[in-house]
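Every number here is computed from the coordinates shown, using simple stated rules; none is lab data. Note that the structure is a prediction, hence the values are computed from the model and not measured. For neighbour counting, all protein chains shown are included, and Cβ atoms are generated from backbone atoms with ideal geometry for every residue, glycine included.
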């Protein structure tokens, strides 16, 4: 489906479907992610610099290191983050990088622990003295786009314990920041005219860089596509779609989601398919509604291409309607995970009327 519709797009551009003179606004929900009053942040969005005295890291690496560098299989296994062990001599040099994690203990005067005791508030230090250890997070402390995490234990034993307990929370905080960054990038420009969704039972905040790919009102399927104006293998094709159908009682389960997503691929994406045995299948809340998620690789045997996708299926009790909110990417040149996170953020703007 992905490379062979370029000449159809002028017939389907979104502006031709919107009401003339309609108002097009920005979606400012992610504007506060960046603090423009502060200096530029350095580093890659996925690089996490960890400062930890070596004697402490030996025991913490199996917990914290594994959590930060966990992988997810899309087309191939991709790491969420790249963990970089930083030298204590670079505490000041790296202070304006995007993702920083400091790990230390109160009863140590080794470089990282000493630095943490110097910069952390006395209230936090007292809390650690009373509880044995804690995790503190701050955003944009030293530059415009930053998350800084401090994991502090009262002593070596307490630090090992709190490290094991907080490892997944550290990952979750980093992932939340990474996802919010994708939202900030996605919504720098305007979104399409809200009036476009007047005749639909839902609305979305779609950046106006996307164009209409498919609009099957009888089949209750709507899809948007982002594609660079000039074909460029370094820029991904991105798809966001919504399928909905009346459903008096909730019959949404994994089997329903798999079957419907296969139908959608064949009907609207020129024969796209996926292997149900390989993709990730799991319960998942979407917009506070219980549902299911599929995540993995799509393929198109006709054109010998493939990419990554994610599908969220759920039932809306108020309207008695089942939904599939789907996004996919065609990007042979690079990782799919950051793109799918961006598309998840956009999909999460869904509002059911």
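Quickly run through the stretch 169-204 and pick out the residues that are over 16 Å from the mean Cα position of the chain (by Cα) and closer than 23 Å to residue 314 by Cα.
If the condition is that a residue be over 16 Å from the mean Cα position of the chain (by Cα) and closer than 23 Å to residue 314 by Cα, then 197, 198, 199, 200, 201, 202, 203, 204 are the ones that fit.
How many residues are surrounded by 19 or more Cβ atoms within 10 Å (Cβ to Cβ) and under 20 Å from the mean Cα position of the chain (by Cα) when one looks only at the stretch 56-74?
Total satisfying the criteria: 3.
Looking at 89, 93, 118 in this structure, which one is in a loop (DSSP other than H, G, I, E, B) and either under 20 Å from residue 167 (Cβ atoms) or out of contact with any strand residue (DSSP E or B) (no Cβ under 9 Å at 6 or more places or on another chain) (or both)? Full working, then the answer.
Working: 89 fails: in a loop (DSSP other than H, G, I, E, B); 118 fails: in a loop (DSSP other than H, G, I, E, B).
That would be 93, the only listed residue that is in a loop (DSSP other than H, G, I, E, B) and either under 20 Å from residue 167 (Cβ atoms) or out of contact with any strand residue (DSSP E or B) (no Cβ under 9 Å at 6 or more places or on another chain) (or both).
What are the pairs, 6+ residues apart or on separate chains, where a residue within the stretch 104-115 that is over 15 Å from residue 162 (Cα atoms) has its Cβ under 7 Å from a residue that is part of a helix (DSSP H, G or I)?
111/88; 112/88
Please go through (1) touching a helix residue (DSSP H, G or I) at 6+ places or on another chain (Cβ under 7 Å); (2) closer than 30 Å to residue 31 by Cα for residue 164 and return the number of the only condition it doesn't satisfy.
Here residue 164 clears every test but (2).
Being assigned to a loop (DSSP other than H, G, I, E, B) and either without any contact (Cβ under 8 Å) to a residue 40 or more places away in the chain or surrounded by fewer than 21 Cβ atoms within 10 Å (Cβ to Cβ) (or both): is that true of residue 299 here?
No; evaluated as a whole, the condition is false for this residue.
Consider the stretch 320-329. How many of its residues are surrounded by fewer than 21 Cβ atoms within 10 Å (Cβ to Cβ) and closer than 16 Å to residue 222 by Cβ?
Applying the first criterion (surrounded by fewer than 21 Cβ atoms within 10 Å (Cβ to Cβ)) to the stretch 320-329 yields 320-321.
So of that shortlist, the ones also closer than 16 Å to residue 222 by Cβ come out as 321.
Going through the stretch 320-329 one residue at a time, the tally reaches 1.
Residues being in contact with a helix residue (DSSP H, G or I) (Cβ under 9 Å, 6 or more places away or on another chain) and more than 18 Å from residue 46 (Cα to Cα): count how many of those fall in the stretch 121-140.
Residues of the stretch 121-140 in contact with a helix residue (DSSP H, G or I) (Cβ under 9 Å, 6 or more places away or on another chain): 125, 128, 131-137, 139-140.
Filter once more, so that each one left must be more than 18 Å from residue 46 (Cα to Cα): 125, 128, 131-136.
Going through the stretch 121-140 one residue at a time, the tally reaches 8.
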